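Worksheet for the structure shown next.
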Amino acid sequence: MPDNFKKDTSIEDEIEKSLQKMVEEETTVAKALVGKNDLPSNMKTADINDGKTRVIPQITDEILREQKKDYSATDGEQEDVMEDDNIFADDEEDETEESLDNDNGNKTEAVADKKPKKPVDKKTKLIFAGVGAGVAVVIIIIIIVAVSLNKKSKQNYDYYYNTGMKLYEEGNYGDASSYLSKASKENEGKKNLNLKYTLYRCYESSGNEDEAVNVLKDILSYDENYEDAVKALADIYYKREDADNLTNLIRKYQDGKCKDAVKNYIVSEPVPSKESGSYDDDVELKFTCASGCVVYYTTDGKEPDSKSTLYDGTGIKLETGTTKIKAVAVNSMGVYSSVADLEYVIEYGAPAAPDVSPASGKYSAGEKVKINNIPDKCKAYYTTDGTTPTASSTEYTGEFDMPAGNTVIAFVIINDHEQSSSVVKRNYNVEVKNTYTYSQAESQLKSVLISKKVLKSDSIAADGSGVNFVYISKTKVGDNEMYIIRYDVIKGGSTTTAGLYGVDTSSGKVYTVTGKEGSYSAKEY
């Protein structure tokens, strides 16, 4: 605090205290005078209880004469008054002598004609004394008020503000906060937010965090988007590890104008493995969160907190119907993220109808039947006797041969919720042929070789050599069952193999065959 300010304030305070003391003493005198009926009426000073001399207003002759006009007294009354109060004796003698001089010695007549004056009784004198004291008191009060107003005029908003700011600049934060606090309570200071922010910095610098918080809250009550105040408040809450207040502050400002003021303390929401929405199958929901955080969640619509279910990292299985989940991440200090509000609608859908190929129609033996669209967690079933397939029917495990004859095959797909697709039917008409015997197969081969001009006849080759056909085996080459037949040529007494052929046992088709037993390959001839 500046020395000249302390000096001026001290002098004014002492003057004010002295004047107030005088008022009290004069009031005491007035009360004493009213109460003391035995004091002499002509006293000019009086010693009161404390032994100090007090000035008592003097009762003048003019005042007494005015009083005498209001009274008429008998001779007896005059005598009593004269005996009781000597104050009028000298006055009466002076007036009598004056009358004798003016009337050429007619003393007796003057005395006879002169009526006694009405004396001022003691009570009246005391009243006048009290009035005088009261006037003195009023004057003193006026002086006190003037001094007080002068003092107050010096200690106004500008004085507090300027003094406080000067002390702040000098680094005297304790005294500065005292003056700036007073300035902030004046009308001009209540809405001066820069002043209040400086006051906050004084409290902060002097270690008075509680008052610093109060000032910041006061600033935000006038302007809730005063960004410096929001950031300062967030910093204090973080320093104090006041997780609840920091959480509330973050949630209020993280999506608004002051989001930058709290961004350093924001805890990210937990991230779900599947977004909210509608699904036709079970959902296994998982959450991820920032390092050092844990996740709490509810499924009953309540706001999650540390007393809610702790997510342990395993999937949360959501089944048919609507499920509402609220999840929140909490860091090691206890600061909460905003709440992830999720809703899932699970409506199991029946599988699509099976896509079966080929279409219904006439086919040769050996054609394959196939289902092209079996979803995950589903199985397909079929029947060949015209009944509707169920989970108890023959399970489809892959393509299969089309049955011989005229057959209706029914197909269905069933999911793991036991929901069935619509049933698809196919009508296949597969022509049934007689199976070729080896003799028939050999004749079929000779006919083809003659047509190809390899033979002239069943027993003579085109060049006139002899021929011989040798049965090797009946085996399956690829998808076809066939007889394997060796063709030999006899010439000059020696026999050589001229070719290896296969004849399909069901169709009679002829194939040229290469390779060895167990690994034949065939090509239609």
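The values are calculated or read from the model by the stated rules, or taken from the named source; none is laboratory data. Not measured: the values here are computed from a predicted model. Note: ideal-geometry Cβ built from the backbone for every residue, glycine included; neighbour counts use all protein chains shown.
Worth pointing out:
- TYR501 passes every criterion in (1) within 29 Å of SER519 (Cβ to Cβ); (2) among the hydroxyl-bearing types (Ser, Thr, Tyr); (3) modelled with pLDDT under 95 apart from (3).
- Filtering the range 396-419 to residues that are assigned to a strand (DSSP E or B) and surrounded by 19 or more Cβ atoms within 10 Å (Cβ to Cβ) leaves ILE409, ALA410, PHE411, VAL412, ILE413, ILE414, ASN415.
- Among the residues of this structure, TYR511 does not count as one that is over 23 Å from ASP401 (Cα atoms), surrounded by 17 or more Cβ atoms within 10 Å (Cβ to Cβ) and at pLDDT 90 or above.
- In the range 440-452, the residues that are outside the structural domain of VAL489 (by TED's automatic domain parsing) and farther than 13 Å from ILE485 by Cβ never reach a residue that is exposed (fewer than 14 other Cβ atoms within 10 Å of the Cβ) and hydroxyl-bearing (Ser, Thr, Tyr) with C-beta atoms less than 8 angstrom apart, at least six apart or across chains.
- Screening GLY313 on (1) under 22 Å from TYR296 (Cα atoms); (2) of a type in the set (Gly, Ala, Ser); (3) surrounded by 12 or more Cβ atoms within 10 Å (Cβ to Cβ) shows it passes everything except condition (3).
- Among all positions in the range 400-413, there is at least one residue which is more than 26 Å from ASN480 (Cα to Cα) and touching a Lys or Arg at 6+ places or on another chain (Cβ under 6 Å).
- Restricting LYS370, LYS362 to residues that are surrounded by fewer than 17 Cβ atoms within 10 Å (Cβ to Cβ), farther than 30 Å from ASP235 by Cβ and at pLDDT 95 or above narrows the list to LYS370.
- Hey, ILE414 assigned by TED's automatic domain parsing to the domain that holds CYS378 and modelled with pLDDT of 90 or more or not: yes
- Checked against the criterion of being at pLDDT 95 or above and not hydroxyl-bearing (Ser, Thr, Tyr), the candidates GLU347, GLU303 yield just one match: GLU303.
- The range 286-310: number of residues that are more than 16 Å from the chain's Cα centre (by Cα) and within 12 Å of LYS324 (Cβ to Cβ): 5
- Considered as a group, the residues in the range 420-461 that are of a type in the set (A, V, I, L, M), touching a strand residue (DSSP E or B) at 6+ places or on another chain (Cβ under 8 Å) and not in a strand (DSSP E or B) include one that is surrounded by the fewest Cβ atoms within 10 Å (Cβ to Cβ), and that residue is VAL432.
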